[in-house]
Amino acid sequence: MASTSSQDAWYLALLGLAEHFRVSTPPNIRMCVQCLQTVFTFKPPPRVEARTHLQLGNILVLYTKNVDLARSHLEQAWSLSQNIAAFDDIKYESASLLAELYEQQNQTNLAKPLLRKTIEMSQQNVFWHCRLLFQLAQIHSNERDYLSACGLLGVGADYAHISGAQYSRLLFTLSKCMLLLIDKKFNELHPLLAQVGPIIDNWQGSLQQKEYLKIFFLVLQVCQCLMSGQVKSVKPYLKQLQQSIQTITQPNLMPSDEDVSAGNSGDMFVWMSKEHLCVLVYVVTVMHSMQAGYMDKAQKYTEKAFLQIEKLKLSDNRSILTSFHILLLEHLILCRLVMGQKGQAIREVATAAQLCAAGPPRLLAAHSAQLHTLLGLYAMSMNSMEAAEAQLNVALRSTTDRELWTFANLNLAIVYLRMKREGDFNKLIENINPETLPSHSHSLRAAAFYVQGLQCFFQARYNEAKRYLRETLKMANAEDLNRLTSCSLVLLGHIFLSLGNSREAMNMVTPAMQLASKIPDVHIQLWASAILKDLYRMCGDGSREAEAYQTHANFSQLLMKDNYASHQSPEHALITWIEQPLTSFLQLGTMSLSGDMEEYAEVPTVVPAANFDAVADAHALRAAMKGFGTDEQVIIDILCLRSNAQRQAITEAYKKEFGRDLIADLKSELGGNFENVIIGLMLPTDEYCAKQLYKAMKGIGTSDDVLVEILCSRPYDEIVQIAAAYEKLYGSSLEADIQGDTSGPFQRLLVMALQGLRDNYAYDPAKAEEQAQILYNAGEGTVGTDENAFVEILGHAGQRHAYLIFQEYKKISGKTIEQAMESEMSGELLHGLLAMVKTVHNRPAYFAERLEAAMKGLGTDDDALIRIIVSRCEIDLANIKFEYERMHGKTLLSAVKGETSGDYRNALLALIGSA
């Protein structure tokens, strides 16, 4: 007896010491574990041995990364406890912890049979039977086996009812409702919620139990409405939910979470702690604010939720907090994109991706499609349509969620419309037809009508567009879908403006601008301000026109600056994540890739004039050139403020009205550089560039800079059009003429550009590293330079892959690829390769550099100045202006003003636009 008592004393002393080390500040887990392991040296009885193994396993799981040792202790606790009578708590707890550990190690094949066996054994223990049923249902739910999970929860509800655990019965039932909601089984969900609602309202148990059940029920109601796109319908539920969370979190009013059981051991469950419930209510509030179009409110509640999550993670790092964090980030990213904060959006995409990669594999599997969709939306906002298409297609391939699939299809349709790929758009028609949409979401169906209206607008089918957009407005107004309302209004305004109905256009655009300001949606504000500027000009309201012009310029500058910052962030490289493992790609994106890539939101300075009338312009031009003298300002005001397509329409109208050739008349009336600007504008862009190439090659010698600027800086689709125009104009092949005027590696570089040998979709980090080494060995790493190696590698590399090569080269050499080439080469080949490299990094910066070179020093290279401004004014001259000011500390407008004069200067300034 004395020996047993002594042994118990040692055991209790070691337990007390272990607990002392565990709760120390900071915890001394190593000494705690040593104390518990020492227990085994006393050869304790099986009960003590099993309990100690359980304690060790629990501590190792909570405080260390030694998973294998924790698993060993828990397995021993489970094994020993099965042979000990009346030892249920140790038996069931060890089984529960061991199953949890198996699941963390992706061994659910071990966790599920263990839990099933323990569930069979625990039928006389209400608490553990219910808890183990919940745990097994959770595993099936994580595996998306919702049928099995719902079956287990139904069994749990029946068992709890028979056992008199009514609170747990409702928790089982509400958990089943949650899975039915996730699985979109609304026909089964609605009657179950209708059955549960009155039971909660008439609850006779404790007040805290009632509030917990009420919050669970209201969260399901809110989520159901939001998933159905019923933003207005959710408001009463959301208000009740916020009142309930205030009730349970009031200090000294409600008992602690531990008191929730109200004396019944079968009801000793808390769905979530008060603190977790607060975060959940923040999450659903953010979801509602985002869908309703209240971006500031969504951001405010997201920030509050993040603070709460960080606070909770200090003492509780459960996976539910990570899931909340990711869900909040996904909605915050959407807010950022709407508000024009692309730089913050892509950084938050990277944060969400890192959280997914750091968690269990199922976390990334659950959020992968959402991440690709967000990257697609980001790429759309950056005007990187090929990247957007790739990302949205990956999302479509990887999702089984009906609403996400529909949302991705709708945005892919917009991508195809913006890329003028009517054939690809038509292939999506069945997926986005609002009458047969697979989604039950009210908001997605309204958005589908909007996309149909947008297509009709692009095709100038204005009456059909108005019909679709009015349907969108009706549905959007019914559920307070503010952003969809503002989009529809501004598009209707644009349609009425195109039809010459300025009054109706104003009636649409004014409320669109007001609503967009309230959201705030910077892109709608940019669009609306551009239309308002034209409307005020048509009304002769000069002061309001100037105000709208300044507003438009402010939004444009804001978006361009954010666009530039976004490209500079290393996270921008994520838009090329398609098939690669996310973990390795994140490392590449955050540690290797930085700076700009070619993709950027192209912002022109010359856009199609609103309320365009080709015949009126033709008459005004004829009057300006008829008789003695010429009114050059009229020519500038018309031809420098119309798009190329509109100028072609004016040429046709001029011929039809007067039987004269407009270009011939302009040539006879104008002269010098002013004539070169105006005639350049009158030609289609591909024809203009073809003439510049011919001019560069004709006669003695060749202007290599012009060949480089046009052929090495443009995407292949533009080069194909230029080559076709060249052959049509001169009856000879552009490739043949280049081969006749150039030689060696430089000739090969230009021919490769003409043949379109760059693979814009290739992206191979391993190959990039190998090619960077080849380039180093061909240049800095040897005596002399193998120029052909540079031509072959860079001439084939698409922009994404080329960027990888440049980064790998810097790792090997310590120099940038540009520095290396400048030290190893010279002449036209160097200029050609540098043009390729610089346009991969930042195309607007390349042209800004070329403009500065044209104006630097004595004299001005007027040909280069005219060529760049005329050929880029309808593509990205606004971006070039921004880069010019950033690089040279002065505006492009002021630089050109100082280098030119007269009508020539006025024409260039009109094309450049305001500073």
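The values are calculated or read from the model by the stated rules, or taken from the named source; none is laboratory data. All values derive from a computational prediction rather than experimental measurement. Note: ideal-geometry Cβ built from the backbone for every residue, glycine included; neighbour counts use all protein chains shown. Keep in mind that these areas ignore ligands, DNA and RNA; they rest on the heavy atoms of the full protein, side chains included. Shrake-Rupley method; radii C 1.70, N 1.55, O 1.52, S 1.80 Å.
Think of the chain as having a plus end and a minus end, set by charges on the Cβ of Lys, Arg, Asp and Glu; of GLN771, HIS888, PHE42, PHE42 sits farthest toward the positive end of this dipole.
Which trypsin sites (Lys or Arg not before Pro) in region 436-495 sit in a loop by DSSP (not H, G, I, E or B) and have at most 12 other Cβ atoms within 10 Å of their own Cβ? Let's see the in-between values first.
On the way: sites: ARG445, ARG461, LYS466, ARG467, ARG470, LYS474, ARG483; in loops: ARG461.
Qualifying residues, ordered by number: none.
Dividing the Cα radius of gyration by the Kirkwood radius, what Rg/Rh value follows for region 422-544?
On the way: Rg = 14.9 Å, Rh = 14.9 Å.
With Rh from the inverse mean 1/r over Cα pairs, Rg/Rh is 1.00.
Based on the Kirkwood radius over alpha-carbon pairs, what value in µm²/s does the Stokes-Einstein equation return for the translational diffusion coefficient of region 56-202 at 10 °C and 1.306 mPa s? Once the numbers are plugged in, D ends up at 97 µm²/s. Applying both filters, DSSP loop and at most 14 other Cβ atoms within 10 Å, to the trypsin sites (Lys or Arg not before Pro) of region 485-548 eliminates every site.
Rolled with a 1.4 Å probe across the full set of protein chains, the surface gives SER163 an accessible area near 40 Å². Scaled against 2.2 N^0.38 Å for its residue count N, the alpha carbon radius of gyration of region 635-767 is 1.27. Mind checking the log10 I(q)/I(0) for region 737-894 at q = 0.14, 0.20 Å⁻¹? Debye, one equal scatterer per Cα, no solvent, two decimals. The calculated log intensity ratios at q = 0.14, 0.20 Å⁻¹ are -0.80, -1.30. Each distinct pair of alpha carbons in the chain adds a 1/r term; the inverse of their mean, the Kirkwood radius, is 32.3 Å. Excluding ligands, DNA and RNA, the accessible surface per residue across the chain is 43 Å² with a 1.4 Å probe. Qualifying trypsin sites (Lys or Arg not before Pro) in region 177-214, where qualification requires a DSSP coil assignment and no more than 16 other C-beta atoms within 10 Å, comprise LYS184, LYS185.
A straight line joining the Cα centroids of region 32-53 and region 840-915 runs 80 Å.
Cross-link partners of LYS856 among aspartates and glutamates, defined as those whose alpha carbon lies under 17 angstrom from its own and excluding same-chain residues fewer than eight positions apart: ASP705, GLU883, GLU885, GLU899.
If I fit a long axis through the Cα atoms of helix 207-227 and take the longest principal axis of the Cα atoms of the chain, what angle between them do I get, 0 to 90°, rounded to 10? Between the helix axis and the principal axis of the chain, the angle is about 30 degrees. Treating region 608-673 as a set of equal point scatterers at the Cα positions, no solvent, please give the Debye-formula log₁₀ I(q)/I(0) at q = 0.11, 0.15, 0.19, 0.24 Å⁻¹. Ignoring solvent entirely, the Cα scatterers give -0.22, -0.42, -0.68, -1.09. Taking each residue as 0.36 nm, the span from LYS65 to SER79 lengthens on full extension beyond its C-alpha to C-alpha distance by 2.7 nm. In the assembled protein chains, CYS130 presents an accessible area of approximately 0 Å² (probe radius 1.4 Å).
For the cross-link pairs LYS65/LYS112; LYS695/LYS728; LYS767/LYS815; LYS210/LYS274; LYS466/LYS561; LYS239/LYS518, which exceed 25 Å when the distance is taken from alpha carbon to alpha carbon? Intermediate results must be reported in sequence, preceding the final value.
Working: LYS65/LYS112 23 Å; LYS695/LYS728 15 Å; LYS767/LYS815 20 Å; LYS210/LYS274 14 Å; LYS466/LYS561 34 Å; LYS239/LYS518 22 Å.
Distance filter (> 25 Å) returns LYS466/LYS561.
Short to long, the 10 Å bins of the Cα pair-distance histogram for region 361-462 hold 17, 46, 31, 5, 1 percent of all pairs. When the C-alpha to C-alpha distance is required to be over 27 Å, the pairs from LYS655/LYS698; LYS838/LYS881; LYS691/LYS838 that qualify are LYS655/LYS698.
From the C-alpha coordinates alone, can you work out the Kirkwood hydrodynamic radius of region 120-197, in Å? Present the calculation step by step, with values, prior to reporting the outcome.
Numbers: mean 1/r = 0.0800 Å⁻¹.
Computed over region 120-197, the radius equals 12.5 Å.
Descending by average beta-carbon neighbour count within 10 Å, the peptides 21-28, 609-616, 33-40 line up as 33-40, 609-616, 21-28, the highest first.
The alpha carbons of region 421-482 give a radius of gyration and a Dmax of 11.7, 34 Å, in that order.
Here the dipole of the chain is about 2620 debye; that uses its Cα centre as origin and unit charges on the Cβ of Lys and Arg (positive) and Asp and Glu (negative).
What a 1.4 Å probe finds exposed on the chain is 51% carbon and sulfur by accessible area, rounded to a whole percent.
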